[in-house]
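Since the structure comes first, as structure tokens, the remarks are kept for the end.
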Amino acid sequence: MKRALMMSSLALFCGLLLGTIIGSALPPSVHASGSAAAIAPGVSNNLSRYHSTATPQEQPLDPNDNTILLDRGGQVLEALKAKDYAALSLLIHPEKGVMLTPYSTVDPIRDNVLSRAQVSQLAGDEQYYTWGLADGSGNPISCTPAQYFERYVFNTDYTEAPKVGVDTILASGNALENVVEAYADARFVEYYFPGIDPALEGFDWCSLKLVFEVWNNDWYLVGMIHSEWTI
């Protein structure tokens, strides 16, 4: 009996001793309570390269880059050509809207300004508005927004304009050209037709100026200026 008890005690002692020896030989990472504790100071965790929550930095807009400006102008023309006013509204300045000028001279007091929401619903707006005075007669220009766009914005296919100028007035008549003064913090692209009907010998010249300002690191439309031969 005593011998059996002594043997059991000896076996227990040997087991404890063996466990201590094996435990001390294990690497430190096994004893760590968290994965971060197993990363040595000065050594980066490669997992962070694939699970980073950092957002890539957006490239700042170069306001002097004509390519970006012309590209935005092209987007506006394509939306106008397709009469996709929902797409056009997204290109309009979210805070300022777009000012519409029927004859070259910008008048911030009298020219109508449409918001993004108004442009997006333009095709369905049947209300008549006054947009200025008609050249020659002096009568009010009274029509729906869609009719105005057809006559004083996209009166011809400006995607096919033979001449395009950046911050340059390509043609002028007897109306004051004041785009630079009216939009001091903007840039503009002019799309110009020297004439449409050869029989009219240039008296039917016309152009569309698209005026843009920078907002939130991108160009947005703030003005559309129609120009043509006037009396």
For this session: Output the residue which, of all residues in the range 163-172 that are under 12 Å from Pro194 (Cα atoms) and buried (at least 16 other Cβ atoms within 10 Å of the Cβ), is nearest to the chain's Cα centre (by Cα).
Result: Val164
Exercise. Which of the following residues is in contact (Cβ under 8 Å) with a residue 40 or more places away in the chain, out of contact with any Phe, Trp or Tyr (no Cβ under 9 Å at 6 or more places or on another chain) and of a type outside the set (Ser, Thr, Tyr): Leu100, Leu176, Leu114?
Worked result: Leu176
Exercise. Only one residue in Tyr191, Tyr183, Tyr220 is out of contact with any Asp or Glu (no Cβ under 8 Å at 6 or more places or on another chain), modelled with pLDDT of 95 or more and not aliphatic (A, V, I, L, M). Which one?
Worked result: Tyr191
Exercise. Which of the residues that make up the range 120-155 are in a loop (DSSP other than H, G, I, E, B) and free of Cβ contacts under 8 Å to residues at least 40 places away in the same chain?
Worked result: Gln121, Asp125, Glu126, Gln127, Tyr128, Ala134, Ser137, Gly138, Asn139, Thr144
For this session: Kindly establish whether Pro41 is modelled with pLDDT under 95 and either exposed (fewer than 15 other Cβ atoms within 10 Å of the Cβ) or in contact with a Ser or Thr (Cβ under 8 Å, 6 or more places away or on another chain) (or both).
Result: yes
For this session: Go through (1) on the phi > 0 side of the Ramachandran plot; (2) at pLDDT below 95; (3) touching a strand residue (DSSP E or B) at 6+ places or on another chain (Cβ under 8 Å) one by one and return the number of the condition Gly136 breaks.
Result: (3)
For this session: Among the residues of the range 151-161, write down those that are closer than 10 Å to Lys81 by Cα and surrounded by fewer than 15 Cβ atoms within 10 Å (Cβ to Cβ).
Result: Thr156, Asp157, Thr159
Seminar exercise, completed: For Val76, the lone unmet condition from (1) β-branched (Val, Ile, Thr); (2) within 16 Å of the chain's Cα centre (by Cα); (3) in a loop (DSSP other than H, G, I, E, B) is (3)
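The values are calculated or read from the model by the stated rules, or taken from the named source; none is laboratory data. Note that the coordinates shown come from a computational prediction; the quantities given were computed from them, not determined experimentally. As a convention, Cβ positions derive from the backbone with ideal geometry for all residues, glycine included, and neighbour counts pool all protein chains shown.
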